[in-house]
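In what follows, a single structure is set out as structure tokens and then discussed.
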Amino acid sequence: MAYWTGMRNGEILGLRWNRVDMKERLIRLKPEDAKTGQPRTIPIGTALFEVLQVIRRGIPVDKHVFLYRRKPVADK
């Protein structure tokens, strides 16, 4: 995801599905999501869109995009 979007590690690991607009193919980060405190809109390219379609199945919209054993991946 970092390769395709330029997002920071913390932004990726903290990303929730309610920030991902699959219809418009955009990720909309709010100020509290970004290190700079500035909102950002990030386009979702075809390769990333296909990956997100596969991992989205069965995950509620208020949950993190990246899970490990049904829990958010920790940034250590």
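Here, each number is a calculation from the coordinates, and none is a lab measurement. These numbers come from a predicted model, not from an experiment. Note that each Cβ is placed from the backbone with ideal geometry, even for glycine, and that neighbours are counted across all protein chains shown.
In loop segments of the chain as defined by DSSP, the GluC sites (Glu not before Pro) with at most 14 further C-beta atoms inside 10 Å of their C-beta are Glu24. Counting neighbouring beta carbons within 10 Å and listing from fewest to most, the residues Ile44, Ile27, Ile55, Ile12 come out as Ile55, Ile12, Ile44, Ile27.
Spatially close Lys pairs in the stretch 2-72, defined by Cα atoms under 22 Å apart and a spacing of eight or more places or different chains, total 4. Our summary gives the chain a relative contact order of 35 percent, counting only alpha carbon pairs under 8 angstrom and 6 or more residues apart. Derived scalar couplings between HN and Hα for the stretch 42-49 equal 10, x, 9, x, 4, 4, 5, 4 Hz in order, rounded to whole Hz, by the Karplus curve 6.51 cos²θ - 1.76 cosθ + 1.60 (θ = phi - 60°), x for Gly and Pro. Amide hydrogen proximity for Arg16: with H placed 1.01 Å from N in the peptide plane, the residues at 5 or more positions away or on another chain lying under 5 Å are Val65.
Our helix-only sum for the chain, with -39,500 (n - 2.57) per DSSP H run of n ≥ 4 divided by its residues, gives a mean residue ellipticity at 222 nm of -6500 deg cm²/dmol. Using the Cβ-Cβ distance between Lys30 and Arg70 with R0 set to 35 Å, the FRET efficiency works out to roughly 0.90.
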